[in-house]
Amino acid sequence: MKISIIGCGFVGLITAVGFASKGNLVKAIDIDQARLSEIRKGRVPFYEEGVEKLLKTYLNQENLSLSSSLEDVDESEVVFICVQTPPQLNGAIDLKILMTAVKDLADVFKKSAKSRIVVIRSTVIPGTTENMIMPIFQQNGNLNTEIVFNPEFLREGSALSDFLNPDRIVIGTNSAKAGKVISKLYTPFNAPIIITTPSTAELSKYASNALLATLISYSNEIAKICERTPNTDVEDVLGIVHLDRRFKILNGEIKADIVSYLKAGCGFGGSCLPKDLSALIAYAQSIKEEPFLLKAVAHVNKYQPKRLVKMVLIALGGLENKKIAVLGVAFKGGTDDLRDSPGLKIVDELLEGKAKVTIFDPLVVSLQLQRYKDKGVIIASSLKEAIEDVDVCIITSNASEFRSINKYLRNKKLIIIDGRRILKSSKKIKIAKTYYAIGLPKERIYIS
Ligand code: UGA
């Protein structure tokens with residue numbers, strides 16, 4: 001099938017190489033010339049496992065081509081819109097970029113009577129597809145345009161594999177014909193296909209991310225209770241919760257993946273969970289429903305990074321001039337994404353307290369941290385270098401490198417604050433002079 005993808009960001013580029021890999025002829029379009037020229041050279045403008053290899057392959061085989069002009073959608077039967085929908089200051093989503101792309105596309109469609117399907121893949125609140133996007137094509141564009149909302153469920157770090165092995169394909173449309181065409185496009189991916197209303201599809205994306213956020217904040221709430229309850233450890237408490245057979249699949253033999261979100265840490269971050277949670281809260285309030293639970297989930301998350309800073313304060317008695325390494329500033333391991341990262345929130349608080357901060361993250365390059373370099377932060381190039389001369393190190397991401405911290409500590413006296421509970425108990429006692437961790441009670445680290 002001939003497909004166009006508008007927007008070569010994270011979702012757009014993965015959608016483009018993913019469909020090219022199934023033999024479709026894909027045209028990827030972006031208005032950012034600098035981004036396009038990088039992609040043209042086979043370079044992916046963000047870190048994501050496996051994407052660069054496929055990008056080079058399909059550019060060479062010519063079933064993926066690039067353009068900066070919307071006019072180039074002309075040949076396509078299906079046009080995906082994958083532009084960003086960032087948050088506004090009040091948490092609601094900002095549709096400006098999406099609506100500009102939609103209007104520009106409708107103008108292009110005016111020029112011919114060809115029938116096409118437009119698929120919205122940008123995350124939008126319920127009603128957007130039907131009430132805002134459809135009317136633009138109906139009034140200004142070509143009446144032969146059918147509209148679909150098709151949410152993405154791609155995790156950074158495993159996005160390509162998630163695209164190629166989806167757990168569900170959701171097709172929100174009022175058009176039986178569009179439902180059929182998009183189902184056919186996804187048939188080679190062997191996943192359950194749900195055809196539903198656009199609003200159900202839109203809300204299902206928010207409901208999915210809000211559930212993940214809720215599991216994390218629930219775990220962090222249990223961790224807070226453990227910190228004040230002698231002889232407990234959140235890892236043990238939630239470890240027992242995980243054994244409930246209802247969290248298992250295949251007759252209880254395999255733990256369901258979702259259990260990994262039932263883990264205490266320094267809070268959720270990234271470009272999706274925080275933004276989608278705020279947008280869902282704002283949407284609920286706009287329809288006069290007070291989302292008490294969702295607001296509590298956001299509240300717990302806001303304070304979680306601060307709890308780690310409090311642990312440092314308790315361990316050292318103050319922050320001024322203390323040498324502190326923050327390990328892992330991307331929002332999780334396997335990515336270089338700094339958006340809404342709990343690690344950087346911790347760095348900001350430490351700097352406010354006049355601490356001397358060193359940062360190390362295996363995937364984040366020094367250039368991304370220029371703003372912090374300008375403030376005097378040291379950017380270390382290895383874990384060994386980061387912890388060489390510091391009083392405390394705070395682990396804020398689950399990057400696998402940090403599990404081997406004990407290798408570098410033999411004779412060292414270092415306070416470790418494990419914000420991700422990644423160190424196993426047998427090791428943690430051996431390696432650190434003092435070990436503090438989320439969800440681990442210690443008379444000295446009771447936090448209010
Ligand atoms: C999330 C969802 O997982 C995807 O299904 C969704 O499509 C995507 O948002 C989106 O809206 O586009 P992502 O933000 O890449 O994907 O990250 P996750 O891996 O889910 O991580 C989100 C937060 O959960 C992070 O803070 C991470 O540290 C935490 N997390 C992640 C866990 O606590 N446990 C895990 O097993 C994985």
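Specify the residue that is surrounded by the fewest Cβ atoms within 10 Å (Cβ to Cβ); the eligible residues are those in the range 158-183 that are over 23 Å from the mean Cα position of the chain (by Cα) and touching a residue at least 24 places away in the same chain (Cβ under 8 Å). Break it down into steps so the answer makes sense when it comes.
Of the range 158-183, the ones over 23 Å from the mean Cα position of the chain (by Cα) are 173-183.
Next cut, touching a residue at least 24 places away in the same chain (Cβ under 8 Å) only: 173-175, 177-179, 181-182.
Values: Thr173: 25, Asn174: 14, Ser175: 14, Lys177: 11, Ala178: 23, Gly179: 19, Val181: 19, Ile182: 25.
Among them, the one singled out is Lys177.
Step by step: first the residues of the range 327-337, then only those that are more than 9 Å from the ligand (Cβ to nearest atom) and buried (at least 19 other Cβ atoms within 10 Å of the Cβ), then the one that is farthest from Asn301 (Cα to Cα). Which residue is that?
Within the range 327-337, the match that is farthest from Asn301 (Cα to Cα) is Leu327.
Checking the condition over 15 Å from the mean Cα position of the chain (by Cα), more than 11 Å from the ligand (Cβ to nearest atom), closer than 30 Å to Ile93 by Cα and in a loop (DSSP other than H, G, I, E, B), which residue from Glu289, Glu320 passes?
Of the residues listed, the single one that is over 15 Å from the mean Cα position of the chain (by Cα), more than 11 Å from the ligand (Cβ to nearest atom), closer than 30 Å to Ile93 by Cα and in a loop (DSSP other than H, G, I, E, B) is Glu289.
Exactly one of these conditions fails for Phe149: (1) at pLDDT below 95; (2) within 24 Å of Ala210 (Cα to Cα); (3) not small (Gly, Ala, Ser). Give me its number.
Tallying (1) at pLDDT below 95; (2) within 24 Å of Ala210 (Cα to Cα); (3) not small (Gly, Ala, Ser), Phe149 fails exactly one: (1).
How many residues are touching a strand residue (DSSP E or B) at 6+ places or on another chain (Cβ under 9 Å), within 16 Å of the ligand (Cβ to nearest atom), part of a loop (DSSP other than H, G, I, E, B) and not basic (Lys, Arg) when one looks only at the range 158-186?
Residues in the range 158-186 being touching a strand residue (DSSP E or B) at 6+ places or on another chain (Cβ under 9 Å), within 16 Å of the ligand (Cβ to nearest atom), part of a loop (DSSP other than H, G, I, E, B) and not basic (Lys, Arg): 0 in total.
Pull up the range 187-216, narrow it to residues that are away from the ligand (no atom under 16 Å from the Cβ) and hydroxyl-bearing (Ser, Thr, Tyr), then point me to the one that is farthest from Lys295 (Cα to Cα).
Looking at residues that are away from the ligand (no atom under 16 Å from the Cβ) and hydroxyl-bearing (Ser, Thr, Tyr), I get Thr187.
Tell me whether the range 128-147 contains one or more residues that are within 16 Å of the ligand (Cβ to nearest atom) and assigned to a loop (DSSP other than H, G, I, E, B).
Here is the first cut: in the range 128-147, the residues within 16 Å of the ligand (Cβ to nearest atom) are 128.
Still in the running and assigned to a loop (DSSP other than H, G, I, E, B): none.
Checked the range 128-147: no residue is within 16 Å of the ligand (Cβ to nearest atom) and assigned to a loop (DSSP other than H, G, I, E, B).
Mind listing whichever residues of the range 238-271 are in contact (Cβ under 8 Å) with a residue 24 or more places away in the chain and not polar (S, T, N, Q)?
Our first condition is that a residue be in contact (Cβ under 8 Å) with a residue 24 or more places away in the chain; within the range 238-271, this holds for 238, 258, 261-271.
Passing the criteria: Leu238, Ile258, Tyr261, Leu262, Lys263, Ala264, Gly265, Cys266, Gly267, Phe268, Gly269, Gly270.
Return yes when Val108 is touching a strand residue (DSSP E or B) at 6+ places or on another chain (Cβ under 7 Å), β-branched (Val, Ile, Thr) and outside any loop (DSSP other than H, G, I, E, B) and no when it is not.
no
Of (1) surrounded by fewer than 21 Cβ atoms within 10 Å (Cβ to Cβ); (2) away from the ligand (no atom under 12 Å from the Cβ); (3) outside any helix (DSSP H, G or I), Arg155 satisfies all except one. Which?
Failed condition: (2).
Tell me, which strands (runs of 3 or more DSSP E) wholly within the range 1-98 include 2 or more residues that are closer than 21 Å to Pro166 by Cα? Explain how you work it out, then say what you get.
Values: elements: 2-6, 25-29, 64-67, 78-81.
In the range 1-98, the matching strands (runs of 3 or more DSSP E) lie at 2-6, 25-29, 78-81.
The values are calculated or read from the model by the stated rules, or taken from the named source; none is laboratory data. Everything quoted here is computed from the prediction, not taken from an experiment. Note: ideal-geometry Cβ built from the backbone for every residue, glycine included; neighbour counts use all protein chains shown.
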